[in-house]
Structures are given as structure tokens and as C-alpha cells.
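The values are calculated or read from the model by the stated rules, or taken from the named source; none is laboratory data. Every value quoted in this text rests on a predicted model; they were computed, and no experiment measured them. Counting neighbours? That spans all protein chains shown, and the Cβs are built from the backbone with ideal geometry, glycine included.
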Amino acid sequence: MKISQMNWGQVDAYLKRDNLAILPLGSTEQHAGLSLSVDSILAEKMALDAAEPLGLPVFPVVPYGVTPYFLAYPGSVSLRVETYVALVRDILDSLYSQGFRRVFIVNGHGGNSPAGSLAIEWMADHPDASVRFHNWWNAPKTFAKVQAIDPVASHASWMENFPWTRLTDVVLPSQQKPMIDFDRMRAMSPAAVREYLGDGNFGGYYERPDAEMQAMWDVAVAETRALMQGPWS
């Protein structure tokens, strides 16, 4: 259930029978020839697809994350870590004050990891609440499926190229891009990162058949849904 398609009374009624909320976290950043909103699109769709048969409320995706290394790519937006942590904390506090006691975070961007650390700290301050932080793309079953399809997969490569993240007027390269040196990139300024990466793909083919992508997605949805169901304690 999309919160955007509910009113407050419906949420109030839901809270009388359950206390679990779903919160997707995304980012707005370069993804080579794919949408700048890849991480937000995937986090929100994963949350919705997994939660739908369970009747769980899915809050709007947080569209900005921590991505300072991509700031030299126009359209990329990064929040400071302290800003991001404060934002997620305020969201958790708001949900708690209304009666939610379990929050399942579907994270779509690796740079958002500070929110996972915050969740642990926040639970220590709220011992009657529980937060689960889930990186959907590298969870065990999903990552195993990615590796089975093609082990050369990374940021802005085929593994993020779905019908719902690609742009219809963009033709992507057909060759496999060599993997980058991650340790080298981590020591670079944003301008140097752009010069080093070029289009922004970290390595791998830019696309694979839609049937393979759907098979990967199905595994990820099933894995995410099972974690939403628990156990929670």
C-alpha cells in the first residue's frame, strides 16, 4: 500500500492491527546512460513489489542520499552524512510517535550505509522498537543470482538496467567495460572520479536480456518479502 494513496484515517486503522512500516531509501546520482534516479526507482519498486501481498504501508522513497564522489556529474545531489542521518532519524522518530514499532528499510544506494549505523543507535534509544536495514541488491540470494547471470556487475552496469530504469532515447554501448580499481577511485576528488570513470559505469556489460533481469528481480522481491515477514525478534 502506497502511503501516497492512503489518508491519515486509513493509516490510523492500520496501526490498530499492525505496527510495521516500509521505508525505501534512494539517491539521485549518475548512472551512466541510465536514469539519475535509478537507486530511488529500484528501492521504491522493490519495497512496493515485496510489500503488496502483505498489505504493508510503503512510505515515499527518500530520493537523496550520500554520494559526494559523483558531484562532478551534473544532476547528482549529495547530502552531508550528518544531514542524512538527521533526516532519517527524524523520519524514524515521526513513525515511532504515531505507533509504528517496526520499520523495514529497503536501501537502494551503498552510500546510504550511515542510515544502517543510525538504525542500531536509534534502537538502543527505543528498546521497544526494531529497524531492519536491507540492501536489496547484495542480499545473499539476490547477489548469488547476479553472480550466476554474470559475475562482472557493478554500479551503472547491466545489473541496474531494468525496463523501469532505462531511458528510451539512449543507446548504450554493447561492449563489456573493464572493472575499475575501487581503491584508486576512493582516493580521488569528484572531478578526478569523473575523469577516471568517464560515463560512470564501474565495469561490466551495460545491459542483458530482460528475461534475465526479471529472474533476478523475482529472486530479490522474494528475498525482501521474506525478511519483511520476519522473524523480528
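Each row is one residue, and each column tells you yes or no for (1) over 19 Å from Met228 (Cβ atoms); (2) crowded, with 17+ Cβ neighbours inside 10 Å.
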residue: Met6; (1), (2): no, no
residue: Ala21; (1), (2): no, yes
residue: Thr28; (1), (2): yes, yes
residue: Leu56; (1), (2): no, yes
residue: Gly116; (1), (2): no, yes
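Quick one: would you say Leu48 is touching a residue at least 12 places away in the same chain (Cβ under 8 Å) and surrounded by 18 or more Cβ atoms within 10 Å (Cβ to Cβ)? So Leu48 passes the test. Scanning region 46-85 for residues that are of a type in the set (S, T, N, Q) and touching a strand residue (DSSP E or B) at 6+ places or on another chain (Cβ under 6 Å) returns a single hit, Thr67.
Residues considered: Leu48, Leu71. Of these, the only one that is in contact with a Pro (Cβ under 9 Å, 6 or more places away or on another chain), within 18 Å of Val103 (Cα to Cα) and not acidic (Asp, Glu) is Leu48.
Looking at Ala153, Ala124, Ala129 in this structure, which one is within 19 Å of Gly200 (Cα to Cα), free of Cβ contacts under 8 Å to residues at least 60 places away in the same chain and not aromatic (Phe, Trp, Tyr)? Outline the logic, then answer.
Details: Ala124 fails: within 19 Å of Gly200 (Cα to Cα); Ala129 fails: within 19 Å of Gly200 (Cα to Cα).
When all the criteria are applied, what remains is Ala153.
Which ones in region 185-233 are assigned to a loop (DSSP other than H, G, I, E, B), over 18 Å from the mean Cα position of the chain (by Cα) and at negative phi? The answer is Ala187, Met188, Ser189, Asp199, Tyr205, Tyr206, Glu207, Arg208, Pro209, Pro231, Trp232, Ser233. In contact (Cβ under 8 Å) with a residue 40 or more places away in the chain, surrounded by fewer than 17 Cβ atoms within 10 Å (Cβ to Cβ) and of a type in the set (Gly, Ala, Ser): does that describe Ala187? For Ala187, the condition - in contact (Cβ under 8 Å) with a residue 40 or more places away in the chain, surrounded by fewer than 17 Cβ atoms within 10 Å (Cβ to Cβ) and of a type in the set (Gly, Ala, Ser) - is not met. Here Asn19 passes the criteria (1) of a type outside the set (Phe, Trp, Tyr); (2) out of contact with any Lys or Arg (no Cβ under 9 Å at 6 or more places or on another chain); (3) more than 20 Å from Pro68 (Cβ to Cβ) except the one numbered (2).
The residues on offer are Glu52, Glu29, and the sole one that is under 25 Å from Gly200 (Cα atoms), at pLDDT 95 or above and among the acidic types (Asp, Glu) is Glu29. Can you find even one residue in region 128-146 that is more than 17 Å from the chain's Cα centre (by Cα), in a helix (DSSP H, G or I) and closer than 30 Å to Gln10 by Cα? No, the conditions are met nowhere in region 128-146. State whether one or more residues within region 131-143 are surrounded by 16 or more Cβ atoms within 10 Å (Cβ to Cβ) and farther than 22 Å from Ser40 by Cα. Within region 131-143, none of the residues are surrounded by 16 or more Cβ atoms within 10 Å (Cβ to Cβ) and farther than 22 Å from Ser40 by Cα. Can you confirm whether Arg208 is more than 19 Å from Ala43 (Cα to Cα), modelled with pLDDT of 95 or more and of a type in the set (Lys, Arg)? Yes.
Among the candidates Ala124, Ala21, Ala119, Ala51, the residue that is among the aliphatic types (A, V, I, L, M) and either assigned to a loop (DSSP other than H, G, I, E, B) or under 30 Å from Trp158 (Cα atoms) (or both) is uniquely Ala51. Given the structure, is Asp39 under 28 Å from Gly198 (Cα atoms), charged (D, E, K, R) and not in a strand (DSSP E or B)? So Asp39 fits the description; yes.
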